[in-house]
Amino acid sequence: MVINVKNKKWILFIVLFIGLCVIFFILDPFNYNNDNNSYIAEKSSTNQNSENNKENISNENNTSSNSNSNITNAENKDTTNNSQTETRQGVFAEPKEETISSFSTKIYSKDSSRQNNVQITCNTLNGTIVKSKETFSFCNTVGPSTKEKGYQEADIFDHNGKKKKGFGGGNCQVSTTLYNAVLAVPTLEVTERHEHSNYVPYIEDGKDAAVAYGSYDLKFVNNTGSDIKILASASAEAVTVTIVSLKN
């Protein structure tokens, strides 16, 4: 078969055209596919970064939440500890009070001066705390009966048993009432006590306790093992003394 020159040119042209097309698609000189891949990779990377950011934000929120929770728990723990501390302190600061003895004597005299003196002495004595193993002194606790303190002259006995007027008349009824309250507690040891030089109507013989500042006193030692508190009160009819044990 004879191919003319003109046909040869067309065949060569077609072959070159096909060759160029193959080279274009295979080699991709304009990086068409790479651009698409790059776009897809960037999009994928952006989405991944977004997810990572969301995860990081979530983790930060969780961390913040945990931190707040830890702070709250710490505060609650501190509050609980403080509450427990306050409760324990409250227990030791406020000992339990238990009445271990009480005694009353009747007031026969209606003399206002005597009533005044009894009231002042009871007010001074009331609330006195005697520590464990401590010695109580009536005269040291009440002190001298003076006009400056509000005491008035009332009947008292001299050494010979005769009545006379003196500041603090009536104090012996308070000391006598206390003495009998002390006698009811075996672990309160009386170390000093004096009888009157004459009969007193508010107590039976041998149960009185005369006091005079600087000479006669009423003393006892607290051997109960706990502190005690003395409560004293007076009305127009009676004097009452109560002894309270203070137990932790």
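The values are calculated or read from the model by the stated rules, or taken from the named source; none is laboratory data. Quick caveat: nothing in here was measured; it's all calculated off a predicted structure. Every residue, glycine among them, receives a Cβ derived from its backbone with ideal geometry; neighbour counts consider all protein chains shown.
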Original post:
List, please: which pairs have Cβ atoms under 6 Å, are six or more places apart or on different chains, and start with a residue in the range 133-153 that is assigned by TED's automatic domain parsing to the domain that holds Thr224 and end with one that is part of a helix (DSSP H, G or I)?
Top reply: Phe138/Ser175; Val142/Thr121; Val142/Thr124; Gly150/Ile120; Tyr151/Asn117; Gln152/Ser113; Gln152/Asn116
Original post:
Do we find a residue being touching a Leu at 6+ places or on another chain (Cβ under 8 Å), under 16 Å from Ile107 (Cβ atoms) and of a type in the set (Val, Ile, Thr) anywhere in the range 166-174?
Top reply: yes
**OP:** Out of the residues in the range 179-222 that are crowded, with 18+ Cβ neighbours inside 10 Å and among the charged types (D, E, K, R), state the one that is farthest from the chain's Cα centre (by Cα).
**Re:** Asp208
Original post:
In this structure, is Ser145 modelled with pLDDT of 95 or more, of a type in the set (Ser, Thr, Tyr) and out of contact with any Lys or Arg (no Cβ under 7 Å at 6 or more places or on another chain)?
Top reply: yes
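In this structure, is Gly168 touching a Ser or Thr at 6+ places or on another chain (Cβ under 7 Å) and touching a residue at least 12 places away in the same chain (Cβ under 8 Å)?
yes
Among the listed residues Ser235, Ser245, which satisfies the condition of being polar (S, T, N, Q), within 18 Å of Ile107 (Cβ to Cβ) and out of contact with any Pro (no Cβ under 6 Å at 6 or more places or on another chain)?
Numbers: Ser245 fails: within 18 Å of Ile107 (Cβ to Cβ).
After applying the criteria, what remains is Ser235.
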